[in-house]
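Note sheet for the following structure.
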């Protein structure tokens, strides 16, 4: 492996998923640094052999590669800690720049953005996930990419503007869609219907989008047909749900007015 000692800062969702990826690699020494002692203890129990340290300002974060698996807003707080001078430092955010950690003394820095939604307890297929990379130098970028390819991950070079665009796309197809899934679930449950009834239409929607050469021709529904009578009936049903009604109206307008 290009790097032998991997340090992860943070003990949440991303840390758990990174340990899922790395724990089986017997030639890696894994260490987790975090402030929550209870979470560290739980991770150590689930992933035997992983070293853990409670993060304090007088502690040096050691590793060949230090991975910041923390919230975007917490990235700049890492400046309050000391990292091993010979380490490479990376963050995992699609929306934050390399500059957010560039001033931290270390051997080099990079952004490694795995384009996936992560929920603790739900393993992901890492080899299917596109991973976007930007390094503080071409040499560092190549070393990070080499390590990730040793893990059999699919890597792409991407600057901040590209990552921001990709991140936005992720919000559209994942976060917004998931919100709408939950809204639909509430409406189904109000009539005593099982959420599994939504599965066939959800599956076909995604399959159609991925398989059609021109996905735009697969758009269906009353807005696509300009069926204003049906749209009006739907809006009546949403009178008690003003936020969802507003979202329905805006999305309907966008579909009707699409190029």
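The values are calculated or read from the model by the stated rules, or taken from the named source; none is laboratory data. Quantities reported herein were computed from a predicted structural model and do not represent experimental measurements. Note that we place each Cβ from the backbone using ideal geometry, even for glycine, and neighbour counts take in every protein chain shown.
Considering only region 234-251, I want to know if a residue exists there that is surrounded by 10 or more Cβ atoms within 10 Å (Cβ to Cβ), touching a residue at least 40 places away in the same chain (Cβ under 8 Å) and under 28 Å from the mean Cα position of the chain (by Cα).
yes
Of the conditions (1) in contact (Cβ under 8 Å) with a residue 24 or more places away in the chain; (2) assigned to a loop (DSSP other than H, G, I, E, B), residue 24 clears all except one; give me its number.
(1)
Inside region 206-221, can you point out the residues that are surrounded by 11 or more Cβ atoms within 10 Å (Cβ to Cβ) and farther than 19 Å from residue 256 by Cα?
206, 207, 208, 212
Among the residues of region 81-93, are any assigned to a helix (DSSP H, G or I) and surrounded by fewer than 19 Cβ atoms within 10 Å (Cβ to Cβ)?
no
Just checking, does region 118-140 include any residue being closer than 20 Å to residue 40 by Cβ, free of Cβ contacts under 8 Å to residues at least 12 places away in the same chain and assigned by TED's automatic domain parsing to the domain that holds residue 22?
Within region 118-140, none of the residues are closer than 20 Å to residue 40 by Cβ, free of Cβ contacts under 8 Å to residues at least 12 places away in the same chain and assigned by TED's automatic domain parsing to the domain that holds residue 22.
Out of 76, 41, I need the residue that is in contact (Cβ under 8 Å) with a residue 24 or more places away in the chain and loosely packed, with under 14 Cβ neighbours inside 10 Å. Which one?
From the options 76, 41, the qualifying one is 76.
Scan region 204-259 residue by residue and report those that are over 22 Å from residue 187 (Cβ atoms) and either touching a helix residue (DSSP H, G or I) at 6+ places or on another chain (Cβ under 6 Å) or in a loop (DSSP other than H, G, I, E, B) (or both).
208, 209, 212, 213, 214, 215, 218, 226, 256, 257, 258, 259
So residue 164 fits all but one of (1) closer than 26 Å to residue 14 by Cβ; (2) more than 15 Å from the chain's Cα centre (by Cα); (3) surrounded by 12 or more Cβ atoms within 10 Å (Cβ to Cβ); what number is the exception?
Single failed check for residue 164: (2).
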